[in-house]
Amino acid sequence: MGIRILGTGSYLPPRVVTNDEIAKSLDTSDEWIYSHTGIHSRHMAEGDDCTSTMAAKAAKAAMESAGVTPDEIGLIVLATSTPDYNPFPSTACVVQGLLGCKNAGAFDLQAACAGFVYALEQARGFVNFYPDKKALVIGAESLTRILDWTDRASCILFGDGAGAVVLGNDEPPGVASLKTKAHTILGADGLGSHFISRTGGCRDALPISPVTNVPEKPQPYLPVLTLKGHDVFVFAVKTLAKVASDLCTKLGTKPEEIDRVFAHQANGRIIEATARRMKLPLSKFWLNLETTANTSAASIPISLDQAVRAGELKEGMNIVMVGFGAGLTYGGTYCRWPEL
């Protein structure tokens, strides 16, 4: 009873780019990339595939899994760092149109790789107060389109894809929040905002023409992602372990009672270090980045759907979903699947 995840879905574009393919144009190798990241390959969106179409495909699969029609969706929250347009219209609105969810409000949420956890909490609040409606939470990214493919430090890390869940509630308004056994932590550290960034935006003023005394037309350029790998690694390991431990403390449980950890799939070495810090076997951590790479806000919902469809995420399991990302942002949710 109460708020719970009714269904999951995911989508990975068919084009697979291996480390060997990348090594044809960069001074690297499959062995080097895998030893440093745990990644062998990643998916790349091509042709008509983009963030909105991948999100819609994952969402449709989640709705089918939940047995929910488009008319029943009351809210769509799309976590992404790679929207179709920059910054409007929101990609969530595009997805709403593609799915035919005519009764749904829709908006994008930007919390980078922690975005799905942030979005899930927004949707949980919505269905708590509107139990007659369902919420669709999506993480979707076209990261391969914002990379500098000559930068070995960053282009090897990322891939494209989408994951989604449907939330429902069968309690009166406000009651579910009093009965829930789940707990969420959301946080940020803006002092590290320069660790991961993408050029572009409205931070810098346009140059003023000396002739007309009004701004000149900006020169077109391709915004690309940049990151400080070592700083991100240190922050990630410390933060993932602390968030998971703090969730256990708030719920009066212990880390060893966790059945599965669905951590953001950023880097295999980060997850291994987090497992050591938490004193948990690596087998408790869901791992798929070997073939998906870092899909940012999509990584946790893709992992959830894969685990469900593989029969490895079962009702009653104690799970933690935890992520970190640019901002810096971080967040985690501890729940007894599929209750929220």
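Every read-out reported here was derived from the displayed coordinates using simple, explicitly stated rules and does not represent laboratory data. Values in this document were obtained by computation on a predicted structure and should not be read as measured data. Methodologically, a virtual Cβ is constructed for each residue, glycine included, from the backbone with ideal geometry; neighbour enumeration extends over all protein chains shown.
Tell me the trypsin sites (Lys or Arg not before Pro) within region 32-133 that lie in a loop according to DSSP and have at most 13 other beta-carbon atoms within 10 Å.
Values: sites: Arg42, Lys57, Lys60, Lys102, Arg124, Lys133; in loops: Lys102, Lys133.
Qualifying residues, ordered by number: Lys102.
When only alpha-carbon atoms count, how far does region 3-176 stretch along each of its three principal axes, as whole angstroms with the largest first?
That gives 59, 29, 26 Å along the principal axes, largest extent first.
To check you understand DSSP bridge types, tell me what percent of the beta bridges within region 203-340 (both residues inside) are antiparallel, rounded to 5. Don't skip to the end; give the middle numbers.
Values: 9 of 14 bridges.
The antiparallel fraction comes to roughly 65 percent.
Grab the other residues whose beta carbon is less than 13 angstrom from that of Ser81, score K and R as +1, D and E as -1, and report the net. Intermediate values should be presented prior to the final figure.
Numbers: positive: Arg145, Arg198; negative: Asp84, Asp108, Glu141, Asp160.
My count for the surroundings of Ser81 gives -2.
Using the per-residue mean of other Cβ atoms lying within 10 Å as a proxy for protection, in what order, highest first, do the peptides 82-91, 299-308 fall? Could the numbers behind the result be given before it?
Values: 82-91: 16.9, 299-308: 26.1.
Ranking, from highest mean packing down: 299-308, 82-91.
For each of His264, His40, His230, count neighbouring Cβ atoms within 10 Å of the residue's Cβ, then give the residues from fewest to most. Spell out each step's value before the answer.
Values: His264 33, His40 16, His230 9.
Starting with the residue having the fewest Cβ neighbours, the order is His230, His40, His264.
With only alpha-carbon pairs counted, each pair once and no self-pairs, how large is the Kirkwood hydrodynamic radius of region 90-151 in angstroms? It would help to have the intermediate numbers written out before the result.
Values: mean 1/r = 0.0750 Å⁻¹.
Kirkwood hydrodynamic radius for region 90-151: 13.3 Å.
What value in Å³ per residue do you get for the convex hull of the alpha-carbon atoms in region 95-196?
Values: hull volume 13.5 nm³, N = 102.
Per residue, the Cα convex hull of region 95-196 comes to 132 Å³.
May I ask for the Rg/Rh ratio of the chain, computed from Cα atoms with Rh as the Kirkwood radius, given to two decimals?
Details: Rg = 19.9 Å, Rh = 20.3 Å.
Rg/Rh: 0.98.
Nearest 5 is fine: what % of DSSP beta bridges in the chain come out antiparallel, could you say? Walk me through the numbers before you get to the answer.
Working: 38 of 55 bridges.
Of the beta bridges lying entirely in the chain, close to 70 percent run antiparallel.
Please identify the trypsin sites (Lys or Arg not before Pro) of region 250-327 that satisfy two criteria: DSSP loop assignment and at most 15 other Cβ atoms within 10 Å. Which are they? Walk me through the numbers before you get to the answer.
Working: sites: Lys250, Arg260, Arg269, Arg276, Arg277, Lys279, Lys284, Arg309, Lys314; in loops: Lys279, Lys314.
When the trypsin sites (Lys or Arg not before Pro) of region 250-327 are filtered for loop state and at most 15 Cβ neighbours within 10 Å, Lys279, Lys314 remain.
Using the Cα atoms of region 1-73 to build a convex hull, what is its mean projected area in square nanometres?
Convex hull of Cα atoms, orientation-averaged projection: 7.6 nm².
Once you mark the GluC sites (Glu not before Pro) that are in a DSSP loop and have at most 16 other Cβ atoms within 10 Å, what is the longest gap between them in the chain?
On the way: sites that count: Glu46, Glu216, Glu312, Glu315.
Counting only loop sites that pass the neighbour cut-off, the longest clear stretch is 47-215.
Using only C-alpha atoms and all pairs of different ones, pull out the Kirkwood radius for region 217-280 in Å with one decimal. Don't skip to the end; give the middle numbers.
Details: mean 1/r = 0.0724 Å⁻¹.
For region 217-280, the Kirkwood estimate is 13.8 Å.
Using the Kirkwood formula on the Cα atoms of region 212-340, what hydrodynamic radius do you get, in angstrom to one decimal?
Working: mean 1/r = 0.0624 Å⁻¹.
Mean inverse Cα-Cα distance, inverted, gives 16.0 Å.
How charged is the neighbourhood of Ser193? Take every other residue with its Cβ under 14 Å from the Cβ of Ser193, and add Lys/Arg as +1 and Asp/Glu as -1.
On the way: positive: Arg198, Arg203, Lys228; negative: Asp189, Asp231.
Neighbourhood net charge equals +1.
Suppose we take every Cα in region 148-301 and form the convex hull; what volume per residue is that in Å³? Provide the component values of the computation, followed by the final result.
Details: hull volume 30.6 nm³, N = 154.
Expressed per residue, the convex hull around the Cα atoms of region 148-301 is 199 Å³.
Would you mind ranking Trp149, Trp337 by Cβ crowding within 10 Å, fewest neighbours first?
Taking fewest neighbouring Cβ atoms as first place, the list is Trp149, Trp337.
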